[in-house]
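Visitor: Once you've had a glance at the structure underneath, I'll fire off some questions.
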2 protein chains.
Amino acid sequence: MPRQNHTNNVSRLKPRSCEDCAVRHLCLPGLLDPADVPAFNKIVKRTDVLHRGDYLYRVDEPFTDLFAVFTGFFKAFVVDRHGREQVTAFHFPGEVMGVHALATRTYQYHTMSLNTGMACRIPFDEFRDLSHKFHKLDDRLHDILSRELIRARFSAANLTALQKVATLMMGISRRFEERGYASREFLLPMSNTDIASRLRLVPETVSRIFTRLAKMKILVVEDRHVTILDMDRLAVLCPHNIYLTDYHSVKKQA
Amino acid sequence: MPRQNHTNNVSRLKPRSCEDCAVRHLCLPGLLDPADVPAFNKIVKRTDVLHRGDYLYRVDEPFTDLFAVFTGFFKAFVVDRHGREQVTAFHFPGEVMGVHALATRTYQYHTMSLNTGMACRIPFDEFRDLSHKFHKLDDRLHDILSRELIRARFSAANLTALQKVATLMMGISRRFEERGYASREFLLPMSNTDIASRLRLVPETVSRIFTRLAKMKILVVEDRHVTILDMDRLAVLCPHNIYLTDYHSVKKQA
DNA sequence: ACCGGTTATTGATCTCGATCAATGTCCCTT
DNA sequence: AAGGGACATTGATCGAGATCAATAACCGGT
């Protein structure tokens, strides 16, 4: 049984640049003329190798940088007054983290590595200066913000537990696909508990839904290994064809 | 019993300018040096007088303009496949509408006037050019987007019906307050049904919650007239002190 | 290989808000 | 002033998911 996820592979940890990053097209410099990418790369710093549970930033820390996932997976969450985690987003390679803090100038979410990985740090002041020269950077930032906004509003929709889980799984599949990885078979980067928290469900319900989906021969989760058996019927369970991706193009609603 | 809402007053309908707009500080030009406001005002056009039920824009229309509420109130909504309205936001004077369409270049929500009012139309291409000269416009746009993002994520939180209604009422009160109107006594600009739709509840539940709040001597709704009797106890019902405002500063969570 | 803590699974019961139903109120039109 | 359609209120019942509880599987560390 395959145990390692391709995307978890961080064996070659030498610093890399945006120029040869596999997910640049999804990331902040994605709209730049290739000739302008080195100028952008110059302001980017890579973090140390991060391990499961390491924080990228915490709530109330002053906002100084935007971050992008270089390798690995991250989760954003808040902690309520009873000490319970509430996951607000999962972040895949190439996705930008921290844009929510533009107005308040303090991060509003904790952001934590789900496994071994690395992030890119983009000092916002330098980004802002650069975006005045390269307006494509501004356009991309606007894109990211407005996509996240639409996605956030839709994830507030009143869905059944089955629809929620189906939509999340479809979104994860899409995100693997747009990064060039297998989209019908993959390791879940996050725990069942994190999934439940993200979807405002309890872990018991997520577990039951997985059992149901297996009985329906749509999707099997064994250990953390997911196999999508029937992508079409999975898609039918997702209302509006809105998947919980961060950058996939937003579909129209009827 | 007072029947007209101050903010509904559109008796003097001559075109006005940003320079003497009472809610400019909340709006797109809010961060501009006063000397630069006329340059911004030059690209702004006011709509005709709009009446209850008039559309400002519809889903799938090409995105050409940002809009701002000049007078009156607006709601944004989608229509699901069963023809049911799903309200996604209410907009008060000075608030900017349409920013969600930056990425897709088509509006993703219907936006409709709730009563007699008027909106400002800001052609986005001209705004974009101007923002390259006045970076404060860009900063404000970022602010608006990131605030909406945080608000949208929180409105996805798992609240009880009581918490939802309390949070909305507190948000409305705050929004009246920051516009200089009475914040403890006002006319509800939207129907109970719209409130229910916004909060993913049914109108029956909203009605029952209002009855409960009256019995608790926290808040009375008679006809559309709201009187807040105990602001402190209302605030206690709002988790995280996050109110559903568009521009009020986002509070920290514990 | 063995533990100890975290995480997943499965079942029984409970609860909040939805649904169904009936009546009442408001407001716009004529 | 009358009538009609949308909107609001209140009660009775229902159901999806939470909660409570118990067991099992997994994982990291020594």
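Visitor: Would you be able to say whether some residue in the stretch B:205-219 is closer than 22 Å to B:VAL78 by Cα and out of contact with any Gly (no Cβ under 9 Å at 6 or more places or on another chain)?
Guide: Yes, because at least one residue in the stretch B:205-219 is closer than 22 Å to B:VAL78 by Cα and out of contact with any Gly (no Cβ under 9 Å at 6 or more places or on another chain).
Visitor: One residue is enough: does the stretch A:97-108 have a residue meeting the conditions within 16 Å of the chain's Cα centre (by Cα), within 16 Å of DNA strand D (Cβ to nearest atom) and either polar (S, T, N, Q) or at pLDDT 90 or above (or both)?
Guide: Looking through the stretch A:97-108, none of the residues is within 16 Å of the chain's Cα centre (by Cα), within 16 Å of DNA strand D (Cβ to nearest atom) and either polar (S, T, N, Q) or at pLDDT 90 or above (or both).
Visitor: Taking interchain pairs and intrachain pairs at least six residues apart, which have beta carbon atoms under 8 angstrom, with the first residue in the stretch A:186-202 and within 14 Å of chain B (Cβ to nearest Cβ) and the second near DNA strand C (Cβ under 8 Å from one of its atoms) and of a type in the set (Gly, Ala, Ser)?
Guide: Once the first residue is within 14 Å of chain B (Cβ to nearest Cβ) and sits in the stretch A:186-202, its partners that are near DNA strand C (Cβ under 8 Å from one of its atoms) and of a type in the set (Gly, Ala, Ser) give A:VAL202/A:ALA196.
Visitor: Identify, from the list A:GLU204, A:GLU222, the residue that is loosely packed, with under 14 Cβ neighbours inside 10 Å, modelled with pLDDT under 95 and near DNA strand C (Cβ under 10 Å from one of its atoms). Full working, then the answer.
Guide: Numbers: A:GLU204 fails: modelled with pLDDT under 95.
Going through A:GLU204, A:GLU222 in turn, the sole match is A:GLU222.
Visitor: Give me the strands (runs of 3 or more DSSP E) completely within the stretch B:57-146, filtered to those with at least 1 residues that are touching an Asp or Glu at 6+ places or on another chain (Cβ under 8 Å) and within 26 Å of A:ALA157 (Cβ to Cβ), ordered by residue number. Spell out how you get there, then give the answer.
Guide: Working: elements: B:65-71, B:74-79, B:85-91, B:110-113, B:118-123.
Result: B:65-71, B:74-79, B:85-91, B:110-113.
Visitor: Just a yes or no: is a residue in the stretch B:168-178 of a type in the set (Gly, Ala, Ser) and within 14 Å of chain A (Cβ to nearest Cβ)? Walk me through how you get there before you give the answer.
Guide: Here is the first cut: in the stretch B:168-178, the ones of a type in the set (Gly, Ala, Ser) are B:171, B:173.
Now drop any that are not within 14 Å of chain A (Cβ to nearest Cβ), which leaves none.
Checked against the condition, which is being of a type in the set (Gly, Ala, Ser) and within 14 Å of chain A (Cβ to nearest Cβ), the stretch B:168-178 yields no hits at all.
Visitor: Pull up the stretch A:168-222, narrow it to residues that are charged (D, E, K, R) and more than 26 Å from A:THR111 (Cα to Cα), then point me to the one that is farthest from DNA strand D (Cβ to nearest atom).
Guide: Selected residue: A:ARG184.
Visitor: Here's another thing I want to ask about it. Among the residues of the stretch A:145-161, how many are in contact with a helix residue (DSSP H, G or I) (Cβ under 6 Å, 6 or more places away or on another chain) and either free of Cβ contacts under 8 Å to residues at least 40 places away in the same chain or aliphatic (A, V, I, L, M) (or both)? Give the steps one after another, and end with the answer.
Guide: Initially, the stretch A:145-161 is screened for residues in contact with a helix residue (DSSP H, G or I) (Cβ under 6 Å, 6 or more places away or on another chain), giving A:145-146, A:148-150, A:152-153, A:156, A:161.
When the remaining residues are screened for being either free of Cβ contacts under 8 Å to residues at least 40 places away in the same chain or aliphatic (A, V, I, L, M) (or both), the result is A:145-146, A:149-150, A:152-153, A:156, A:161.
Qualifying residue count for the region: 8.
Visitor: Evaluate the following for B:LEU213: is it more than 14 Å from chain A (Cβ to nearest Cβ), within 16 Å of DNA strand C (Cβ to nearest atom) and touching a His at 6+ places or on another chain (Cβ under 9 Å)?
Guide: When the stated conditions are applied, B:LEU213 does not pass them.
Visitor: Let me ask something else about it. Scanning the stretch B:147-163 for residues that are assigned to a loop (DSSP other than H, G, I, E, B) and facing chain A (nearest Cβ under 9 Å), which turns out nearest to DNA strand D (Cβ to nearest atom)?
Guide: For the stretch B:147-163, the residue satisfying everything is B:ASN158.
Visitor: Return the residues of the stretch B:34-48 that are in a loop (DSSP other than H, G, I, E, B), closer than 17 Å to B:MET97 by Cα and not acidic (Asp, Glu); say none if nothing qualifies.
Guide: B:ILE43, B:VAL44, B:THR47
Visitor: For the stretch A:242-254: of the residues being surrounded by 14 or more Cβ atoms within 10 Å (Cβ to Cβ) and within 14 Å of another protein chain (Cβ to nearest Cβ), which is modelled with the lowest pLDDT?
Guide: For the stretch A:242-254, the residue satisfying everything is A:GLN253.
The values are calculated or read from the model by the stated rules, or taken from the named source; none is laboratory data. Source: prediction; values computed, not measured. All Cβ positions, glycine included, derive from the backbone under ideal geometry; neighbour counts span all protein chains shown.
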